[in-house]
Structure formats: structure tokens, C-alpha cells
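Below: one structure, written as C-alpha cells.
The values are calculated or read from the model by the stated rules, or taken from the named source; none is laboratory data. Predicted, not measured: the structure shown is a model, and the values here were computed from it. Neighbour counts are summed over all protein chains in view; Cβ atoms, including those assigned to glycine, are modelled from backbone coordinates with ideal geometry. Heavy atoms of the whole protein, side chains included, go into the accessibility calculation; ligands, DNA and RNA do not. Shrake-Rupley method; radii C 1.70, N 1.55, O 1.52, S 1.80 Å.
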Amino acid sequence: MKNSLIFLCGLLAMPLFAAEEPPKRVISAGAGVTELVLALDAAPQLVAVDASSALPKTLKLPRLGYHRMLSAEGILAQKPDLLIGTSVMGPASSIDLVKQAGVPVITLKAADTTEQLQQNILILGKALNKEKAATELADTLGGRLQQLAQSAAKFEHPPRVMFMLLQSERPARVGGADTAADIIIQLAGATNAADFSGYRSLSQEGILALKPELILLSSASEQPEPQADKLLKSMPLLAHTPAGKAGLIRDLQPQALLGGLGISAIEAAESLNQELLEQ
């Protein structure tokens, strides 16, 4: 794994902020972006976040809506001196208006590799005057991913894991390749039981045929009961899958699915890897 410092040469030419004048009013749009900003101890610089961002209970900030549907008026009302988001931040018309108003905008690439995650961290560190913390965080996460890869390689026969997204008043959907859940499954050293790309609604019989040995569940809304109970009430045949028989139906925090490869996704993959190794 390449050391994160190799990315610094590419960042030196970026005309962001001088070290003596770091931005004081930052808006972060995107759960993964906000997670990294907080990890860099830059919370005091935040003045607002988008609706998908998770914040500690002690930090109360305005929420400006979903990061794909931001209002230029809402952003500018916070008088920011920096807007940070990803390539899916939008709409483009709103972001263009923010730029026209003279607000610097940093657009990070969605991370799906260790190198891209480290590069994003270093870009944020330079922009927020947190370069030392950024280098340390990039190296720490790189080391954790390296250890996870070594642990994932221990499986002689990778377990079959399935991810299901539960949505109120809609059929549950199974996540295949090219999804955020697939990144977590692969990092953990498991095989995605779904043999397709994207999300699909499957019948109970279809799920049985895929023979998942562990099922991960997540929901976009808060649930008053455990996710496994909700799933088995609506789809009782899933109790006959290998995962159902072994009682291996687990919740996955929604935060781990937002923003691509990030801190929460790494934590989820580490937990999944450890549980699978203990089976």
C-alpha cells in the first residue's frame, strides 16, 4: 500500500487557503465528508451540514437539506467561506450560484479505494489547515485497511453475505455489486451472495436460492424493533436460509453506507470480518 504522503506533491499546487488564514465558516455536504471533517477536529469551523451527515449530540448545526438537492439561498444564508462536498453534491445550478457569489467550493471524488480516501483526507487537511492531523489520519486508516486485508485473506472459503435494505411500505431490496454494502462485504473478506449489480427486489424464494450465510440489514428510517424481527415477520421463509438457521441476521448502521469508503464503512467491515472469523 502506498504511503499517503505521495499524494502531497499533487496537493501543493492547489490554491486553497493559506495556513495563517484557515476558513472559519465551513459547510460540509455529504455524510462521508462531514465524518472526515470531524475526524480532523475541525468541528469548530463547521457552520452547517447536509441532512445525511451524522453529528455528535453535543454539536448542534443547521441542516441544509439532502446533499443532492441543496439550495443556493440556504447555503449563502450561512455566509460560508468554504463549501465542501463530493461529485454528487448538487444540483449543479445551485453550486454554480454559490461559486458565482465568491464562495470557494471543494469537490472530492467518491472514495472506493484506499488511495482515493487518503487523497481526500489530505485535500481536506490542506483546506482546513489541519495538515498534520490529515497525514496522521490517512496513515492510520491506511494501516487499518491493510490489517483488514490481511485478516480477510484468512478465509479459505469466503462466507456468503447478503445485504438487504428495508424501506417503509416498499419491498426489501437486495444489494449486489457496485453498491456501498458490497464495498463493506468485500473488505471483510466475504463474498456478496447477490449475483447481480445494483439493487433488486427479490422474492423469498429467490433469496433462499442465494443461500446467504449472514444477512446484513439497514433501513433509511428509525425502527422501534430490531431489524431481524421486522424482516422475519415480513419474509418468514428467510428463517430457512443458512443465515436464518444460524441466527446470523445483523443490523448495519446506515452511516456506513453513505459516502463510499470512509471511517464508518471501515468500522463496519472490521466488525463483519471479526464476526465471520468467529463463526
Unique residue being over 21 Å from Ile184 (Cα atoms), open to solvent by 60 Å² or more (accessible area, probe 1.4 Å) and not aliphatic (A, V, I, L, M) when the list is Ser271, Ser234, Ser201, Ser197: Ser234
Leading residue by the ranking (modelled with the lowest pLDDT) among those in the range 181-221 that are out of contact with any Leu (no Cβ under 6 Å at 6 or more places or on another chain) and hydroxyl-bearing (Ser, Thr, Tyr): Ser221
Members of the range 135-158 that are open to solvent by 60 Å² or more (accessible area, probe 1.4 Å) and among the β-branched types (Val, Ile, Thr): Thr140
Test: residue in the range 181-196 that is under 23 Å from Ala153 (Cα atoms) and either basic (Lys, Arg) or out of contact with any helix residue (DSSP H, G or I) (no Cβ under 9 Å at 6 or more places or on another chain) (or both): yes
Which listed residue is in contact with a helix residue (DSSP H, G or I) (Cβ under 9 Å, 6 or more places away or on another chain), loosely packed, with under 13 Cβ neighbours inside 10 Å and acidic (Asp, Glu), from Asp41, Asp50: Asp41
